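J.: Take a look at this one; I'll ask things after.
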Amino acid sequence: MTVTRRRTLQLTGAALAASALPHSAFAQAWPARPIRAMVPFAAGSSLDIVGRIVLDPLGTQLGQSIVVENRGGAGGSIGTGQVAKADPDGYTILIQASAHSSAPAAYPNITYDPATDFKAVIPFGTIPNVTVVAPASGIKTLKELVEKSKDGKMTYASAGVGSATHWAAERIRMAGGFQAVHVPFRGGPEALTEVMTGRVDWTSMGMSAALPLIRDGKLVPLAVSSTKRSSALPNVPTTVEAGLPNSDYVYWMGMFVPAKTPPAIIERLRSETAKALQNPSVVEKFKGQGIEPMPLSPSEFDALIKREIAANIELVKAAGLKFN
């Protein structure tokens, strides 16, 4: 056997041996550099706040920094679309919320498919939206808000067309049988500021973003969108308790990666994030914000996304909603 032939066989054998390495070897080598976490909404939004709570201990566990990038706009679809095109190597992750499954209904021309271009890693939990008004409005109950909205001149703010804040407000509007003018913003903090100053009448915002302003007396909470009262606002009724059947809205938050990310990396991300969610500091912060656990496997989470996409598209058609 010639030297060249022997060398070729050695290189081929080495390549085959490398390809036969178990997937766990890749997961053990990952991460070798900082990870980018895309939050497709503004800094200070509920998703941003909750994402950072989880990512802080997760980065420590993984031994790498996790750099949060806020890229808002188009109901979260701009930042999400960037992750869909990212290399599926575990170094770009997506922190998303219920807007992920409502995007196809609100933006039928988006360049990605939430059901096929991503793999769900783990849900962080669920948190209610809370309907709020400015103290100067004089409105103290959801019933009063509905009554004052009968002339169709009231305005409501959202964190963008197709965002969870838009979706929750639309459910309240439809359940209450009234019209209102939608005023979308690029993020939750801006929407809350406009309501707080009275330039927009009301919003249904994620609890994490609204709670500090409620506690400071700058916003008045009327109702929460969850199926039961929030431990963070135990004296505030649910929207159903306040007299609006079928107005509840489950707002979840979680982690996703590009669909072709290696299964071993997805599993490592899942297991390490599950550990971070049990961190006493995270548990305490989640409790203070009324975030409830959402124990689902990646496959169960993926299935939930697909069901919600279909249900949201059907809802838009049935209600004749125009998201523009």
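J.: What number of residues within region 226-252 are closer than 21 Å to V283 by Cβ and free of Cβ contacts under 8 Å to residues at least 60 places away in the same chain? Don't jump to the end; show me each part of the working.
T.: Of region 226-252, the ones closer than 21 Å to V283 by Cβ are 226, 228-234, 250-252.
After this cut, where a residue has to be free of Cβ contacts under 8 Å to residues at least 60 places away in the same chain as well, the list is 228-229, 231-232, 234.
Number of matching residues: 5.
J.: Looking at S158, S101, which one is over 22 Å from I66 (Cβ atoms), at pLDDT 90 or above, not basic (K, R) and not assigned by TED's automatic domain parsing to the domain that holds V282?
T.: S158
J.: Additional query: Kindly indicate the residue of region 283-316 that is in a loop (DSSP other than H, G, I, E, B) and among the polar types (S, T, N, Q) and also farthest from the chain's Cα centre (by Cα) among those meeting that condition. Give the derivation first.
T.: Initially, region 283-316 is screened for residues in a loop (DSSP other than H, G, I, E, B), giving 289-291, 293-297.
Retained after the next criterion (residues that are among the polar types (S, T, N, Q)): 289, 297.
On the way: Q289: 15, S297: 17 Å.
Residue satisfying both the conditions and the ranking: S297.
J.: Follow-up. Tell me, yes or no, whether region 56-69 has at least one residue that is crowded, with 19+ Cβ neighbours inside 10 Å and modelled with pLDDT under 95.
T.: no
J.: Here is a check on your reading of the model: is G51 at pLDDT 95 or above and either buried (at least 19 other Cβ atoms within 10 Å of the Cβ) or not in a strand (DSSP E or B) (or both)?
T.: Details: at pLDDT 95 or above: yes; either buried (at least 19 other Cβ atoms within 10 Å of the Cβ) or not in a strand (DSSP E or B) (or both): yes.
The answer is yes for G51.
J.: Any chance you could count how many residues in region 282-305 are more than 24 Å from M205 (Cα to Cα) and in contact with a helix residue (DSSP H, G or I) (Cβ under 9 Å, 6 or more places away or on another chain)?
T.: Just the residues of region 282-305 that are more than 24 Å from M205 (Cα to Cα), to begin with: 296-300, 302-303.
Checking which are in contact with a helix residue (DSSP H, G or I) (Cβ under 9 Å, 6 or more places away or on another chain) leaves us with 296-298.
So the answer is 3.
J.: Among (1) without any contact (Cβ under 8 Å) to a residue 24 or more places away in the chain; (2) over 28 Å from P184 (Cα atoms), where does R52 come up short?
T.: (2)
J.: Please enumerate the residues belonging to region 7-39 that are surrounded by 17 or more Cβ atoms within 10 Å (Cβ to Cβ) and at pLDDT below 95.
T.: Within region 7-39, A27 is the sole residue that qualifies.
J.: Within region 70-83, is even one residue surrounded by fewer than 19 Cβ atoms within 10 Å (Cβ to Cβ), in the same structural domain as R270 (by TED's automatic domain parsing), assigned to a loop (DSSP other than H, G, I, E, B) and not hydrophobic (A, V, I, L, M, F, W, C)?
T.: Scanning region 70-83, I find at least one residue that is surrounded by fewer than 19 Cβ atoms within 10 Å (Cβ to Cβ), in the same structural domain as R270 (by TED's automatic domain parsing), assigned to a loop (DSSP other than H, G, I, E, B) and not hydrophobic (A, V, I, L, M, F, W, C), so the answer is yes.
J.: Restricting attention to region 90-138, which residues are among the aliphatic types (A, V, I, L, M), under 15 Å from I305 (Cβ atoms) and part of a loop (DSSP other than H, G, I, E, B)?
T.: I110, A115
J.: Moving on. Considering region 34-52 alone, what residues qualify as being touching a Phe, Trp or Tyr at 6+ places or on another chain (Cβ under 7 Å) and either acidic (D, E) or under 20 Å from K275 (Cβ atoms) (or both)? Talk me through it step by step, then tell me what you get.
T.: Kept after step one, since they are touching a Phe, Trp or Tyr at 6+ places or on another chain (Cβ under 7 Å), are these residues of region 34-52: 35-36, 47-48, 50.
Listed by number, the residues that qualify are I35, D48, V50.
J.: While we're looking at this one, here's another question. Does region 118-125 contain at least one residue that is closer than 21 Å to S204 by Cα and in contact with a strand residue (DSSP E or B) (Cβ under 6 Å, 6 or more places away or on another chain)?
T.: The first filter runs over region 118-125 and keeps only residues closer than 21 Å to S204 by Cα, leaving 124-125.
With the extra rule that they be in contact with a strand residue (DSSP E or B) (Cβ under 6 Å, 6 or more places away or on another chain), the set shrinks to 124-125.
Yes, that holds for at least one residue.
J.: Residues of region 282-314 being within 15 Å of M253 (Cα to Cα) and of a type in the set (S, T, Y), which ones?
T.: S297
The values are calculated or read from the model by the stated rules, or taken from the named source; none is laboratory data. Just so it is clear, the structure is predicted and the values come from calculations on it, not from any experiment. No Cβ is skipped: glycine too gets one built from the backbone with ideal geometry, and neighbour counts run over all protein chains shown.
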